[in-house]
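Here the structure is laid out as structure tokens; the discussion comes afterwards.
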Amino acid sequence: MNRSTAVAVNTARGKKKRRSFLSRWNAPIAGYLFISPWLLGFIGLTAYPMLLSLYYSFTNYTLMEPISWIGMRNYERIFTTDPKFIQSVKVTFLYVLASVPLKLIAALLVALVLNKAMKGISFYRTAIYFPSLIGGSIAVSLLWRNIFGVDGIFNKIIAIFGIAGKGWITNPSTALGTLVLLTIWQFGSSMVIFLAGLKQIPSDLYEASSVDGANRFVQFFKITLPMLSPIIYFKLIMGIVSAFQMFTSAFVITNGGPMNSTYVYALYLYERAFSRYQLGYSSALAWIMLIMIVVVAALISVTSKYWVFYETDNGGKRDK
């Protein structure tokens, strides 16, 4: 091999190495460039504020005074000398325990009805889903407050049947129930997901069970519920996360009253942060809320292996 040929071979090898090096890096760089808008948004709008609030939770940050490090003092005050914290936790857990299961039950029952072939089914599905589109807004909360007021539409309707009405949102025994009812009314999105799940259940399962003599009641508990259990698990977790953070309806409809019967946790956190300007204290409250949500979600996740069934080749429960 002469000198010119050797130089050409070495040059070709060098170009090949450079190309292979660039090819190894071009794909990851392109991927990061594509996700960079989301990544920058996550870092700037989620990760950084969360870490900053974690730092503030260990400080005496009041907007009126310089920030000073106080360690665990905010958490000690919350658990030892703050009666409103206990009250807000009780109200929030009552709301979660009532609203989340009832909303899922309502969504599943309506989905079962709408899963049947009937005239005008598309209209019914759209009409039932519509409240979910406007749910959580201030306008809906104001409307709900007028409906269940002393002179509201609800009292006028029950008066037709000779039932005496009352101020449902001004009565401590019924105020939280009106907020729960508002949440249940907004079951449209869950209903759509359940309806999609029902469409995916093989009809052969129902036909085979009918041959074996199973009635619809048995089919519902032996086929429908097990096949929908992954969806129920997903909606249960998402519903609990959303319910713990409920704020708008409690703030607009009752403002935590009467007698703190609707004083949910998010409302208390808001009051500490934006009425008393105790941002360090409210940051500690926010992290306690996060821990409560994580603990409840973890408990449900641990127990899910006993009641959540996934479709496998063997038709059994997926191994965790």
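In whole percent, what relative contact order does the chain give with Cα contacts below 8 Å and a gap of six or more residues?
Details: 310 pairs, mean separation 81.7, N = 320.
Value for the chain: 26 percent.
For region 54-95, how big is Rg over Rh, using alpha carbon atoms and the Kirkwood form of Rh? Mind showing how you got there, number by number?
Working: Rg = 12.8 Å, Rh = 11.7 Å.
Here the Rg-to-Rh quotient is 1.10.
Compute the distance in nm between two label points, each set 7 Å from the Cα along the Cα-to-Cβ direction, one at PHE34 and one at GLN245.
2.8
With n ≥ 4 as the cut-off for DSSP H runs, can you work out [θ] at 222 nm for the chain, using -39500 (n - 2.57) per run divided by the number of residues, rounded to the nearest 500? Present the calculation step by step, with values, prior to reporting the outcome.
Numbers: 14 runs with 211 residues, N = 320.
Value at 222 nm, helices only, nearest 500: -21500 deg cm²/dmol.
Please work out the Cα center distance from region 147-219 to region 259-301, rounded to the nearest Å.
Comparing the Cα centres of region 147-219 and region 259-301, I get a distance of 28 Å.
Highest first, please rank the peptides 251-262, 292-303 by the mean number of other Cβ atoms sitting within 10 Å of their residues.
Values: 251-262: 18.6, 292-303: 13.0.
Highest to lowest by the protection proxy: 251-262, 292-303.
Just round it to a whole percent: the fraction of Cα-Cα distances in region 134-252 exceeding 23 Å. Don't jump to the answer; show the numbers that get you there.
Numbers: 3622 of 7021 pairs.
Roughly 52 percent, once rounded to a whole number.
Report the net charge of residues surrounding VAL211, where surrounding means a beta-carbon distance below 15 angstrom and charges are Lys +1, Arg +1, Asp -1, Glu -1.
Details: positive: ARG216, LYS222; negative: ASP204, GLU207, ASP212.
Counting the neighbours of VAL211, the net charge comes to -1.
Just to confirm the number: angle between the C-alpha axis of helix 225-244 and the first principal axis of the chain, 0 to 90 degrees, nearest 10?
80
First measure r as the distance between the Cβ atoms of VAL294 and ILE201, then evaluate 1/(1 + (r/R0)^6) with R0 = 35 Å and state the FRET efficiency to the nearest 0.05.
Approximately 0.60, to the nearest 0.05.
Picking from LEU285, LEU104, LEU45, which is most flexible by a Gaussian network model of the chain using Cα springs under 10 Å?
Largest GNM mean-square fluctuation: LEU45.
Just to be sure I understand the curve: with the Debye formula and one point per C-alpha of region 83-306, what is log10 I(q)/I(0) at q = 0.08, 0.13, 0.17 Å⁻¹?
-0.37, -0.89, -1.24
For the pairs LYS84/LYS156; LYS90/LYS235; LYS116/LYS305, flag any whose C-alpha to C-alpha distance is greater than 28 Å. Working shown, then result.
On the way: LYS84/LYS156 36 Å; LYS90/LYS235 23 Å; LYS116/LYS305 31 Å.
From LYS84/LYS156; LYS90/LYS235; LYS116/LYS305, over 28 Å: LYS84/LYS156; LYS116/LYS305.
So how tilted is helix 188-199 from the main axis of the chain? Cα-based, degrees 0 to 90, rounded to 10.
Value to nearest ten degrees: 70.
From the P(r) of region 209-313, can you give the percent of Cα pairs sitting at distances over 17 Å?
On the way: 3651 of 5460 pairs.
In whole percent, the long-distance tail amounts to 67.
Report the residue, chosen from SER88, SER210, SER173, that carries the largest GNM mean-square fluctuation when the chain is represented by alpha-carbon nodes joined by springs under 10 Å.
Most flexible of the set in this elastic network: SER210.
Given the options THR80, THR92, THR183, which has the most mean-square fluctuation in a GNM of the chain, springs set between C-alpha atoms less than 10 angstrom apart?
So, out of THR80, THR92, THR183, the one fluctuating most is THR80.
Near the amide H of THR59, under 5 Å away, which other amide H atoms are found, from residues 5 or more places off or on another chain, if H is placed in the peptide plane?
Sorted by chain and number, the residues that satisfy this are ILE70.
Could you state the angle between the C-alpha long axis of helix 175-185 and the longest principal axis of the C-alpha atoms of the chain, as a value from 0 to 90 degrees rounded to the nearest 10?
The angle comes out near 50 degrees.
Every read-out reported here was derived from the displayed coordinates using simple, explicitly stated rules and does not represent laboratory data. Since the model is a prediction, treat every value here as computed from it, not as a measurement. Heads up, the Cβs are rebuilt from the backbone with ideal geometry, glycines too, and the neighbour counts pull from every protein chain shown.
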